[in-house]
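One structure, as structure tokens, below. Some questions next.
Taken together, the values in this text are just the output of simple stated rules run on the coordinates, not laboratory data. Keep in mind the model is a prediction, meaning the values are calculated, not measured. Cβ: placed from backbone, ideal geometry, glycine included. Neighbour counts: every protein chain shown.
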Amino acid sequence: MSGSRKVSPSYIAGFAGIGAAIYYIFLFLPAVPVIGLPQIKMDLGASLAPLLGLILGPYIGAAAVLVGNIIKTLTPPNPYGVPFIPCAPLSALAAGMLATKRWKIAIGIMLAILISSMFTPPFYPVTEYWYVYMAAYFDKIIAAILIPVTIRMLNSRKGVQYIALYLIFFIAREFDKALGCFIFSLPPVYSGVFGITKITVVRGLFTVSPLFYVVQYMFEAIIGFAIAIPAIKALLRAPGISEMLFVKNLKSFK
């Protein structure tokens, strides 16, 4: 949180706790089943994880989402969701970083995921299974390319800044999905957790309807953006609160 040294740790802990509770409530929104993997459902509530990153900052926001995710996954226990607990917190982290133009760190994280994924069994060697890799990651690559463009737009006129805010939500959600794809491509997950022993089946799952998910991510970004605008404006009108929160970095949206 920017300027967090001037804020009491008890306030930081309090805001993080409130954020975790709010995110936990968000996760009760309807979920969308993953094609080919009915055990997994993508929570629409997770589309609001970037909002906590914008309000609380990349680290406190990510921590709040992490706590909310852990509670939701463990009550009742969902072994299929456990490996993916870190995904939504990453989207909050990315949104908070992009809001303060720390784009080099954010793009470094995305590139690390993209490169690491090339060496996992479903995509290796990528020269042979490039089409599987592109089906899984083409939108994540686009998101990485959009990062510097979005930062430039944040410095532009107000109308363009709103487009940049929408792109932050879209890019942040792509961080979530990129990490999720990487985690699922690991043998302990696709074989150990989901019991899929044939790598051809895993590759097939990565190539099923990739455009469907892109449309879903865009829709999720719209949901987050629509809620973010009034929430950010309301918080900025409360000087005592806004000055303690990361949202003060978004004063141009007041």
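When the helices in the chain are scored as -39500 (n - 2.57) per DSSP H run of 4 or longer and the sum is shared across all residues, what 222 nm value do you end up with, to the nearest 500 deg cm²/dmol?
Calculated mean residue ellipticity at 222 nm is -21500 deg cm²/dmol.
Apply the Kirkwood formula to the stretch 85-199: the hydrodynamic radius equals the inverse of the mean of 1/r over all pairs of different alpha-carbon atoms; give it in Å with one decimal.
In the stretch 85-199 this quantity evaluates to 14.9 Å.
Let me ask something additional. Of the listed peptides 175-185, 228-238, what is their order by residue-averaged count of other C-beta atoms within 10 Å, with the highest listed first?
Sorting 175-185, 228-238 by mean packing, highest first, produces 175-185, 228-238.
Then there is this: Which value, in nm² and rounded to one decimal, describes the direction-averaged projected area of the C-alpha convex hull of the stretch 4-253?
13.1
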